[in-house]
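Structure provided below as structure tokens; questions to follow.
The values are calculated or read from the model by the stated rules, or taken from the named source; none is laboratory data. Because the structure is predicted, anything quoted here is derived from the model rather than measured. Glycine also receives a Cβ, built like all others from the backbone with ideal geometry; neighbour counts cover every protein chain displayed. Side chains are part of the model used for accessible areas, which takes the heavy atoms of the whole protein and leaves out ligands, DNA and RNA. Shrake-Rupley method; radii C 1.70, N 1.55, O 1.52, S 1.80 Å.
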Amino acid sequence: MSVQFDPKIIQSHAAALYAQASRIVFRFGATGLVVGALGGLMAGGGERGPGLAIVGGVLGAFIGVSMARGRAFALQLQAQTALCHVAIEANTRRTADALVATERKPELAQLSQVG
């Protein structure tokens with residue numbers, strides 16, 4: 001079984017990384033909201049419970065989103081690196097094909113001049 005280069009696979013992987021990066025921010029924010037709200041509710045107890053739950057939820061969501069942005073950036077960087085490799089391969093292939101085509105032209109020119 002021979003393995004062939006397929007840029008579509010790398011592009012679909014990069015798209016999946018971007019989708020994961022966008023989901024991770026929402027997921028961490030929602031988790032931080034719930035955990036912060038529960039923590040505020042438990043810490044507040046009686047009358048202050050709902051107020052502290054709101055403050056804890058907002059603070060938890062902020063912390064969750066802040067943590068997720070770093071991870072999302074790392075995923076986006078990984079996707080961009082993969083796409084850059086695809087672009088490098090395409091440019092290298094195009095240059096190599098052009099070089100091969102220019103090497104053949106003088107031979108054809110000599111044959112046509114002799115004939």
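Can you tell me how many residues within region 48-76 are under 31 Å from the mean Cα position of the chain (by Cα), open to solvent by 80 Å² or more (accessible area, probe 1.4 Å) and of a type outside the set (D, E, K, R)?
The total comes to 6.
Does region 15-26 contain at least one residue that is of a type in the set (S, T, N, Q) and within 30 Å of residue 90 (Cα to Cα)?
Checked against the condition, which is being of a type in the set (S, T, N, Q) and within 30 Å of residue 90 (Cα to Cα), region 15-26 yields at least one hit.
Is it fair to say residue 82 is touching a residue at least 60 places away in the same chain (Cβ under 8 Å) and open to solvent by less than 50 Å² (accessible area, probe 1.4 Å)?
Yes; evaluated as a whole, the condition is true for this residue.
Look at residue 11 and say whether it is open to solvent by 60 Å² or more (accessible area, probe 1.4 Å), in a helix (DSSP H, G or I) and out of contact with any Gly (no Cβ under 9 Å at 6 or more places or on another chain). Explain how you work it out, then say what you get.
Details: open to solvent by 60 Å² or more (accessible area, probe 1.4 Å): yes; in a helix (DSSP H, G or I): yes; out of contact with any Gly (no Cβ under 9 Å at 6 or more places or on another chain): yes.
Yes.
What residue, of 53, 90, is closer than 22 Å to residue 7 by Cα, at pLDDT below 90 and in contact with a helix residue (DSSP H, G or I) (Cβ under 8 Å, 6 or more places away or on another chain)?
Working: 53 fails: closer than 22 Å to residue 7 by Cα.
Every option except 90 fails the conditions.
Out of curiosity, is residue 64 of a type outside the set (A, V, I, L, M, F, W, C), at pLDDT below 90 and farther than 20 Å from residue 10 by Cβ?
Working: of a type outside the set (A, V, I, L, M, F, W, C): yes; at pLDDT below 90: no; farther than 20 Å from residue 10 by Cβ: yes.
The answer is no for residue 64.
Are any residues in region 41-68 in a helix (DSSP H, G or I) and over 29 Å from residue 24 (Cβ atoms), and if so, which ones?
Initially, region 41-68 is screened for residues in a helix (DSSP H, G or I), giving 41-44, 49-68.
Selection gives 44, 49, 50, 51.
Return yes or no: is residue 22 surrounded by fewer than 16 Cβ atoms within 10 Å (Cβ to Cβ), in contact (Cβ under 8 Å) with a residue 40 or more places away in the chain and polar (S, T, N, Q)?
On the way: surrounded by fewer than 16 Cβ atoms within 10 Å (Cβ to Cβ): yes; in contact (Cβ under 8 Å) with a residue 40 or more places away in the chain: yes; polar (S, T, N, Q): yes.
So residue 22 passes the test.
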